[in-house]
Each structure stands twice: as structure tokens, then as C-alpha cells.
């Protein structure tokens, strides 16, 4: 995919303020300080698309950019900055919660994980939340240039091992480094293939994890729910996923 245009659309405080649902959207989210802004700038080819701040949790709104006039890149607030209200449950911006669960044209979430760190509890909780709510996602391990290849591989393997029991097949994962300009082609290929797939029926590859007794029953889908099942009011398009 060649990025020819990247235009800021709006900063939305809630789901109702987001643009219409005519274009597929690809959302990026991760723990604060995971390198999200740098990654978005690398992907777009614009060094100032997303503001890079030294202050964790700088992004507070749902920031939407129209790319190539055919799809949208969505910059979501980092969930690590929000207050965690209850143990064993990832809590984050309420608007983001609604966006992830109810945005009909959300094609894929890119869940960013810091490869320089061992598995973090809040990251694991967030991935479990995505799976429980049947949100289509891939894993993106960031900052692969900040550690030795061996330590990065160890951290990535440990994370995958921690979530392996939740899936019949692990979600696809990618590596990237905004500093080394690594991973751009692979991530844009995921977007390109999803757009090209159009309205095709997805290939269901994973199951949601079993219920967590510490979570409220009303928050979780039924046991064994497949990724293609949605309880939203508006049915999402079901692009065949390349992962």
C-alpha cells in the first residue's frame, strides 16, 4: 500500500461524534508510552500526523484520520492512563469502550505491546477483553530496537505463552520499530488485504476465553463465543481477515 494522503478528520469525545460509517477503520491502541504516536507517524509517512509527547496518556480523544480517501486510521487513547476500577479487569476510556464494541465499520484493532518489557498485566487484561467482546485484532510488538534480539524474543514468546490458553489459534502478531523504520510494509499489508477482502465472510479461527469469575457476568459474552459473533446494534461488515 502506498500512502498518498493522510488528512485529519476530527477528535471525537465519544462514539456519537465519530464520522459516518462509510469507510473501513483501523484502530491503534496500547498502554501509555508504548510508542503509538511514533508508529502512526511512520505508517503514514508524515512525521507530524500524531503528536509525540513525553507525557504518558497525552491522547485523550478518539483521533480520526482519512487515509488515501478510502479508509480511516483511528488513534485511540492509551488504556494504561485510565483509572483501573477493579482488579482483573482492564478499564479504559468509556468512549473507547463504546467505540471498540459498537463501531460497525471497525475492521481491525492493532493492539500494541512493548517488546522491551515482560508481559504486563494490563496488556494481558486488554487482550482478554478484546477476545471476550469478539473484537477483531492483531498484536503489534513495538520498540524492537530498544533491547537485544534475544530479550525481545523472550518477551514476545512469554506474552504469547500467557495468552495461548485463550485461543484455539493465536492471533497474528507483527513486530515494528518506528526508529528503525521496521514493520511498516507488513502492517500496511494487513490493512490493504482487509480492504481488498471487502464484504467477504471472515474465517473464524479463535474462541473467546472462558469467563473470569472476577468479572461481572453482564460484561462477558457466552462461553465459547466465536470471533464472528457480535451483540452490537449495527452489524459490522465482515471482511475476510488475512490473519
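The values are calculated or read from the model by the stated rules, or taken from the named source; none is laboratory data. None of these values were measured; they are calculated from a predicted model. Here the Cβ is made from the backbone with ideal geometry for all residues, glycine too, and neighbour counts use every protein chain on show.
One table, with the values for the structure above:
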quantity	calculated
Unmet criterion (only one of (1) in contact with a helix residue (DSSP H, G or I) (Cβ under 6 Å, 6 or more places away or on another chain); (2) assigned to a loop (DSSP other than H, G, I, E, B)) for residue 169	(1)
Among (1) more than 14 Å from residue 28 (Cβ to Cβ); (2) under 17 Å from the mean Cα position of the chain (by Cα), the one test that residue 166 misses	(2)
Hits in segment 183-208 - residues which are touching a strand residue (DSSP E or B) at 6+ places or on another chain (Cβ under 8 Å), at pLDDT 90 or above and either surrounded by fewer than 16 Cβ atoms within 10 Å (Cβ to Cβ) or in a loop (DSSP other than H, G, I, E, B) (or both)	183, 186
Candidates 180, 222, 150, filtered to the one that is more than 20 Å from residue 109 (Cα to Cα), out of contact with any helix residue (DSSP H, G or I) (no Cβ under 9 Å at 6 or more places or on another chain) and modelled with pLDDT under 50	222
Selection count, segment 10-32, where residues are touching a residue at least 40 places away in the same chain (Cβ under 8 Å), more than 15 Å from the chain's Cα centre (by Cα) and either within 24 Å of residue 189 (Cα to Cα) or part of a loop (DSSP other than H, G, I, E, B) (or both)	7
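Matching residues to (1) surrounded by fewer than 19 Cβ atoms within 10 Å (Cβ to Cβ); (2) touching a helix residue (DSSP H, G or I) at 6+ places or on another chain (Cβ under 7 Å):
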position: 102; (1), (2): yes, yes
position: 108; (1), (2): no, yes
position: 112; (1), (2): no, yes
position: 115; (1), (2): no, yes
position: 123; (1), (2): no, no
position: 126; (1), (2): no, yes
position: 129; (1), (2): no, no
position: 139; (1), (2): no, no
position: 146; (1), (2): yes, no
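Each row is one residue, and each column tells you yes or no for (1) surrounded by 14 or more Cβ atoms within 10 Å (Cβ to Cβ); (2) closer than 13 Å to residue 140 by Cα; (3) in contact with a helix residue (DSSP H, G or I) (Cβ under 9 Å, 6 or more places away or on another chain).
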position	(1), (2), (3)
10	yes, no, yes
13	no, no, yes
17	no, no, yes
22	no, no, no
30	yes, yes, yes
34	yes, yes, yes
40	yes, yes, no
